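Heads up, the thing below is written out as structure tokens.
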């Protein structure tokens, strides 16, 4: 991805900063649109990256918005998404957030508990309106991913469990200010084993049929997102195989002809287009390893510290030099977990060299913090 032109361009910028390849994002969106089957509707998950420049490109491509906070709903509206294109999920929506979204007449709330149903009904009653809701179901499907980003198992906090279904049906009969529109599922994030989505289809088929038998036909089935990317070799698979992903659902999902199918993709759209660019502050020789100390840390990219996540690390000041040494690549934060990678093979590296930490367009900048009173870093966009 990177070449000498990038390196020269980056030299004039204060590091660290986030770099976004908007041309790659446009190509990813184009590939996604070509792969979407008829009657499938895609909402972009703002939690992956809500930068206005990113959102405006995604809105221009015709996607809707999947939000998990009131401020994400507000950001989506500010960036041009129509209220009828916005869904609002999350296990802990506050009354303030619910009221704001009701006032905006968003398309649908994805409801995660019986008590939330009661609250949305009561707030809607106070406004003398009827609010669209979908029921988020916990399908008990293992996503085969990191335990912190799996969401579809019984021990997870998300969704309504099948043992609550009968109580749910009775409750829905009593709530006059909500309208049942659909069923919502999401089993986790960074899923690369597509068999997990096949299992999800099997469970959705069963649950959808159960609700139909109870005379609750969902107009919409929302299958969530979770499609992973290739963090190991980002240049070999800069754009994920959306056709292969959707083929699983076309093959195994059994739904009524009139039911519309929704997805909430985030990481697979934006992760590859972003990189964290940093400089080497110091080289420190240790007993068992040598350290590269960068001016970026876990405050700029939390995923390695939080999930032990892998990101490819490149010395873009020495693009053509052979790999000669192994370094532990660390940041300046006063935490031992502030480490981007151990025994990373790189060219012989010097103070001041530019380092790119790849595939950081999702859950990178959005999870940054000002711990240690760090400065908020800039974002650089380049076609």
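Mind checking the angle between helix 22-35 and the chain's longest principal axis? C-alpha axes, 0 to 90 degrees, to the nearest 10.
Helix 22-35 sits roughly 40 degrees off the main axis of the chain.
To the nearest 500 deg cm²/dmol, what mean residue ellipticity at 222 nm is calculated for the chain from DSSP H runs of n ≥ 4 alone, each contributing -39,500 (n - 2.57), summed and divided by the residues? Intermediate values should be presented prior to the final figure.
Details: 11 runs with 110 residues, N = 383.
Rounded to the nearest 500, it is -8500 deg cm²/dmol.
Of all DSSP beta bridges located in the stretch 23-270, what percent are antiparallel, nearest 5?
Details: 1 of 31 bridges.
Just about 5 percent of them are antiparallel.
Quick check on the stretch 176-216: take the gyration tensor over C-alpha atoms, sort the square-rooted eigenvalues as a ≥ b ≥ c, and tell me if it's rounded (a/c under 1.5), prolate or oblate. All intermediate terms of the calculation are to be shown ahead of the outcome.
Values: a/c = 6.00, a/b = 1.85, b/c = 3.25.
Oblate shape, in that a/c is at least 1.5 and b/c is the bigger or equal ratio.
Could you work out the percent of alpha carbon pairs in the stretch 305-370 separated by over 19 Å, rounded to a whole number? List each step's numbers first, then the result.
Working: 741 of 2145 pairs.
Counting every Cα pair in the stretch 305-370, those more than 19 Å apart make up 35 percent.
What value does the stretch 257-298 have for Rg/Rh, both radii from Cα atoms and Rh as Kirkwood defines it? Kindly include the intermediate steps, with their values, before the conclusion.
Numbers: Rg = 20.7 Å, Rh = 14.7 Å.
Result: Rg/Rh = 1.42.
Defining a contact as two alpha carbons under 8 Å apart and six or more residues distant in sequence, what relative contact order in percent does the stretch 307-367 show? It would help to have the intermediate numbers written out before the result.
Numbers: 83 pairs, mean separation 26.7, N = 61.
Computed over the stretch 307-367, the figure is 44 percent.
Rounded to the nearest 10 degrees, what's the angle between the helix 242-252 long axis and the longest principal axis of the chain, both from Cα atoms, 0 to 90?
30 degrees
Quick one: among 55, 346, 221, which has the greatest mean-square fluctuation in a GNM of the chain with alpha-carbon springs under 10 angstrom?
346
Using a Gaussian network for the chain with springs between C-alpha atoms less than 10 Å apart, which of these wobbles most: 258, 308, 23?
258
Give me the angle, in degrees from 0 to 90, between the Cα long axis of helix 195-213 and the longest principal axis of the Cα atoms of the chain, rounded to the nearest 10.
The two axes meet at around 20 degrees.
When only Cα pairs under 8 Å and 6 or more residues apart are kept, what is the percent relative contact order across the chain? Could you put the intermediate results ahead of the total?
Values: 799 pairs, mean separation 77.1, N = 383.
20 percent.
Equivalent-ellipsoid semi-axes (√(5λ), Cα gyration tensor) for the chain, whole Å, largest first?
Those come to 41, 21, 19 Å.
Test of understanding: in a Gaussian network model of the chain with alpha carbons linked when under 10 Å, which of 169, 313, 120 would top the mean-square fluctuation ranking?
169
A short reminder: the numbers here are calculations on the coordinates, not readings from a lab. Nothing here was measured: the structure is a model prediction, and the numbers come from that model.
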